[in-house]
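K.L.:
I'd like to ask you about the structure that follows.
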Amino acid sequence: KKQGKDQLAVFEPAMRESFQKHLELEADLRRAVLRHEFELRFQPIVRLRTEEISGLEALVRWQHPERGMIPPLEFIPLAEETGLIVPIGEWVLREACRQAARWNAQRQDGTPLTVSVNLSAVQLDRADLPRLVESALADSGLPARCLIIELTESLLVDHRPETLRRLQEIKALGVRLAIDDFGTGYSSLAYLRNFPVDIIKIDKSFVDDIGDLPAAAALTLGIIQLGQALQLSTVAEGIEDAGQLSELAGGNCELGQGYYFAEPLTTAAMDNLLFPNPPPAG
Ligand code: C2E
Ligand code: MG
Ligand code: MG
Ligand code: MG
């Protein structure tokens, strides 16, 4: 009993501190929604054969007034737990569509850029999601074929019965669906048969090891071929060097993103990338 008490004395302050931090962050997150402290970054998605930009992935950031930029993995779980992901996710979707429509209007040449938006399971649990997507498209003027919704494998495996219907409604608008972080979640591929997906995003962990581990290379090529057999596009995530690019392009992976091409960029940096300033006249 005495030992147990000692242990409590050791662990209690640390536990209380982390609980306190959690509560603080939750209060901050509620305030952040009211004060619009979120920003988007856009990472180019590139056609691997030509290296031309085919689309952008919108990635949320939290500009905390004291703590600075907080990455999504540090607040999305809390946002999901508290339901705050619903207003945050709505803002992300509307803002991503608005920016993509603006960039496409400014581009005279080529096919319009796509924009990819990540959705949480919590957002798919809402009956009004298809209407939200429809309204984000209508308000921004972005054509539905330019929007891609990214979902994780776990969301598709543990789905509620209504999820499939909701995704079909979204697909009926003309929006495409991508499976994010493919290969990390579950070994079951059954959901590829049941869900109307268009795009597979090969997780960065496969790409990381492609040059060093023959098994990683074989799995990556296998996923690309699986995509081709199902007539799905494949996007490789986290390409960081030329060796990875040539392996993937050689294996006929259609698209890719990663620091080798560009990090997630601010709206202003993306403006400069898409529309390089012409040299001053004279
Ligand atoms: P994700 O959707 O798989 O996004 C790709 C992540 O990989 C991004 O991290 C991106 O910055 C990072 N990345 C891209 N290329 C490279 C590379 O070459 N090397 C390395 N080391 N990293 C690379 P980020 O922005 O921190 O986002 C992390 C995750 O947070 C995302 O993973 C996504 O699951 C989630 N997320 C981001 N924005 C949203 C959002 O608006 N809503 C929801 N529900 N989730 C979001
Ligand atoms: Mg994603
Ligand atoms: Mg991803
Ligand atoms: Mg990922």
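The values are calculated or read from the model by the stated rules, or taken from the named source; none is laboratory data. This is a predicted model, so every value here is computed, not measured. Virtual Cβ from ideal backbone geometry, glycine too; neighbours counted across all protein chains shown. Keep in mind that these areas ignore ligands, DNA and RNA; they rest on the heavy atoms of the full protein, side chains included. Shrake-Rupley method; radii C 1.70, N 1.55, O 1.52, S 1.80 Å.
K.L.:
Condition first: surrounded by 13 or more Cβ atoms within 10 Å (Cβ to Cβ) and in contact with a Ser or Thr (Cβ under 7 Å, 6 or more places away or on another chain). Can you find one or more residues in the stretch 77-88 that meet it?
P.N.:
Within the stretch 77-88, one or more residues are surrounded by 13 or more Cβ atoms within 10 Å (Cβ to Cβ) and in contact with a Ser or Thr (Cβ under 7 Å, 6 or more places away or on another chain).
K.L.:
In the stretch 91-135, what count of residues is obtained for those that are more than 19 Å from VAL60 (Cα to Cα) and hydroxyl-bearing (Ser, Thr, Tyr)?
P.N.:
Looking only at that region, the number is 2.
To keep it simple, each residue is scored yes or no on (1) open to solvent by 70 Å² or more (accessible area, probe 1.4 Å); (2) within 11 Å of ligand 1 (Cβ to nearest atom).
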{"residue": "ARG30", "(1), (2)": "yes, no"}
{"residue": "PHE42", "(1), (2)": "no, yes"}
{"residue": "ILE53", "(1), (2)": "no, no"}
{"residue": "VAL60", "(1), (2)": "no, yes"}
{"residue": "GLY68", "(1), (2)": "no, no"}
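K.L.:
Next question. Here are the criteria: (1) over 18 Å from the mean Cα position of the chain (by Cα); (2) open to solvent by 10 Å² or more (accessible area, probe 1.4 Å). Tell me which single one GLU74 does not satisfy.
P.N.:
(1)
K.L.:
So, restricting to helices (runs of 4 or more DSSP H) that lie completely within the stretch 121-228, which ones have at least 3 residues that are away from ligand 2 (no atom under 16 Å from the Cβ)?
P.N.:
Qualifying helices (runs of 4 or more DSSP H): 129-140, 161-172, 190-194.
K.L.:
Which of (1) free of Cβ contacts under 8 Å to residues at least 60 places away in the same chain; (2) under 25 Å from ILE53 (Cβ atoms); (3) hydrophobic (A, V, I, L, M, F, W, C) does VAL115 not meet, given it meets every other one?
P.N.:
(1)
K.L.:
Just to confirm my filter: which strands (runs of 3 or more DSSP E) fall fully inside the stretch 19-84 and include at least 1 residues that are on the phi < 0 side of the Ramachandran plot and within 16 Å of ligand 3 (Cβ to nearest atom)?
P.N.:
38-47, 53-64
K.L.:
Name the pairs: first residue in the stretch 225-252 and closer than 10 Å to ILE200 by Cα, second residue away from ligand 2 (no atom under 16 Å from the Cβ) and open to solvent by less than 60 Å² (accessible area, probe 1.4 Å), Cβ to Cβ under 6 Å, at least 6 apart or on different chains?
P.N.:
Once the first residue is closer than 10 Å to ILE200 by Cα and sits in the stretch 225-252, its partners that are away from ligand 2 (no atom under 16 Å from the Cβ) and open to solvent by less than 60 Å² (accessible area, probe 1.4 Å) give THR234/ILE224; THR234/GLY227; THR234/CYS253; ALA236/LEU248; ALA236/CYS253.
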